[in-house]
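Below is one structure; the comments refer to it alone.
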Amino acid sequence: MKLILLMDMKKSILVLGVVAFCVSLASGKVVRRQLSIFPNSVPETETLANETMEFVYDYRCCVDTTGALKDNISSDNMLLQIGPAGLSKFSSYKNLTVDSLIMRSTSEQIANAAMEGKLSTGEYMTIYKNYPSGKLTHTEKICQDWLRYEEDLPSQEWELTDSVTNVLGYECQSARCVFRGREWTVFYTEEIPLADGPWKLHGLPGLIIKASDEKGHYTFECIGIKSKADRPITIYKVPFNRVNRKEYYDTKHRYEVNPYAYFEATTGGHVTVTDEAGNPSLDAYDPIELPFEYLELDWK
């Protein structure tokens, strides 16, 4: 059953969401909830540096590890921008496109595009390495809140292995490590001598061009390379909530198990959830059990 989510349009934002219910013969009902919020404008940005190279990764994650959902893979294209002095930014390529569209559109055009399913956002997670120097900065929008935390640039204890493969014409060697609860196998190429990679992965004598955790729940694979690039590396100028890594995961989890209640508690807005017949959904505000685990398993 599909439910449509509507919001009082007195607010200056458009909210469009979908709730999907799927039945699992093994465990009963599996619930996924999504709350998509489209602003009428894009925040201002601060330029940190100009990039010198950029890499596009196909990012896939399993949103239902129970096997109950047929469509259990979420995907996005992510952009790794390489800057000077080890600075890099890993963010959603789709969101760059959405930002550009919003900046060129009226509020009415944005609303119509969203209602017609022509506007969808990507992964809000953004990872900066060596910003500031020696640190990793993670920013993310959760509902209407912008969160930011910093940590020492994490290291991975890599074990080199004998496997080789070819990605985009580059010869790649393999390595593996256990990082924050997941065992990762990656392929890197010394033909691109950058000790960087997707997400928080880095520290090998070449760019990590492909990565997967042991269970295949999360994968990154480079699908495009631009060796001469000058796109600015930016960060949103928004009032970030400064948190630590555990507080970030606590907030993310609180939102994802009950997004409508989180929205009302943090914005003062009101959400009404109805089915396709227009009847109120009485259990829409009941907390759910997430059928997946986060990238880092050590946050609890």
*Check V238 against each of (1) modelled with pLDDT under 90; (2) part of a loop (DSSP other than H, G, I, E, B) and name the one condition it does not meet.*
(1)
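Is it the case that some residue within the range 98-119 is in a strand (DSSP E or B), open to solvent by less than 40 Å² (accessible area, probe 1.4 Å) and polar (S, T, N, Q)? Walk me through it before giving the result.
Residues of the range 98-119 that are in a strand (DSSP E or B), as a first pass: none.
Scanning the range 98-119 turns up no residue that is in a strand (DSSP E or B), open to solvent by less than 40 Å² (accessible area, probe 1.4 Å) and polar (S, T, N, Q).
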*Counting only residues that are out of contact with any Leu (no Cβ under 7 Å at 6 or more places or on another chain) and not in a strand (DSSP E or B), how many does the range 186-198 have?*
3
*asked:* Considering only residues that are β-branched (V, I, T) and either part of a loop (DSSP other than H, G, I, E, B) or buried (at least 16 other Cβ atoms within 10 Å of the Cβ) (or both), which ones fall in the range 258-293?
replied: T267, V271, V273, I288
_I'd like the full set of residues that are surrounded by 15 or more Cβ atoms within 10 Å (Cβ to Cβ), touching a Leu at 6+ places or on another chain (Cβ under 8 Å) and closer than 22 Å to N95 by Cα, limited to the range 226-251._
I233, T234, I235, F240, Y248, T251
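Condition test on S212, is it open to solvent by less than 50 Å² (accessible area, probe 1.4 Å), free of Cβ contacts under 8 Å to residues at least 60 places away in the same chain and more than 23 Å from Y93 (Cα to Cα)? Steps first, please.
Details: open to solvent by less than 50 Å² (accessible area, probe 1.4 Å): yes; free of Cβ contacts under 8 Å to residues at least 60 places away in the same chain: yes; more than 23 Å from Y93 (Cα to Cα): no.
So S212 fails the test.
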*Check D71, D76, D64 and return the single one that is within 29 Å of V271 (Cα to Cα), open to solvent by 40 Å² or more (accessible area, probe 1.4 Å), at pLDDT 75 or above and not in a helix (DSSP H, G or I).*
D71
*Which one of Y124, Y170, Y128, Y149 is among the aromatic types (F, W, Y) and at pLDDT below 95?*
Y124
*If you check L48 against the conditions, is it within 16 Å of I127 (Cα to Cα), open to solvent by 40 Å² or more (accessible area, probe 1.4 Å) and of a type in the set (A, V, I, L, M)?*
yes
_If a residue must be in contact (Cβ under 8 Å) with a residue 40 or more places away in the chain, over 24 Å from H138 (Cα atoms) and polar (S, T, N, Q), how many such residues does the range 248-279 contain?_
2
*asked:* So, in the range 122-132, exactly how many residues are open to solvent by 40 Å² or more (accessible area, probe 1.4 Å) and among the hydroxyl-bearing types (S, T, Y)?
replied: 2
*Report whether or not L96 is over 15 Å from G197 (Cα atoms) and at pLDDT 75 or above.*
yes
*Those residues that are in contact with a helix residue (DSSP H, G or I) (Cβ under 7 Å, 6 or more places away or on another chain) and hydroxyl-bearing (S, T, Y), I need them from the range 253-300; list them, please.*
Y255, Y262, Y285, Y294
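Here are T219, T161: which of them is touching a Ser or Thr at 6+ places or on another chain (Cβ under 7 Å), over 18 Å from E51 (Cβ atoms) and exposed (fewer than 15 other Cβ atoms within 10 Å of the Cβ)? Please lay out each step first, then the result.
Values: T219 fails: exposed (fewer than 15 other Cβ atoms within 10 Å of the Cβ).
Going through T219, T161 in turn, the sole match is T161.
How many residues are within 30 Å of T106 (Cα to Cα) and out of contact with any helix residue (DSSP H, G or I) (no Cβ under 6 Å at 6 or more places or on another chain) when one looks only at the range 57-77?
So the count comes out to 2.
The values are calculated or read from the model by the stated rules, or taken from the named source; none is laboratory data. The shown structure was predicted, so the numbers you read here are calculated from the model rather than taken from an experiment. Cβ sites come from the backbone with ideal geometry, for glycine too, and all protein chains shown count toward neighbours. To get the accessible areas, we keep the full protein, side chains included, count just its heavy atoms, and leave off ligands, DNA and RNA. Shrake-Rupley method; radii C 1.70, N 1.55, O 1.52, S 1.80 Å.
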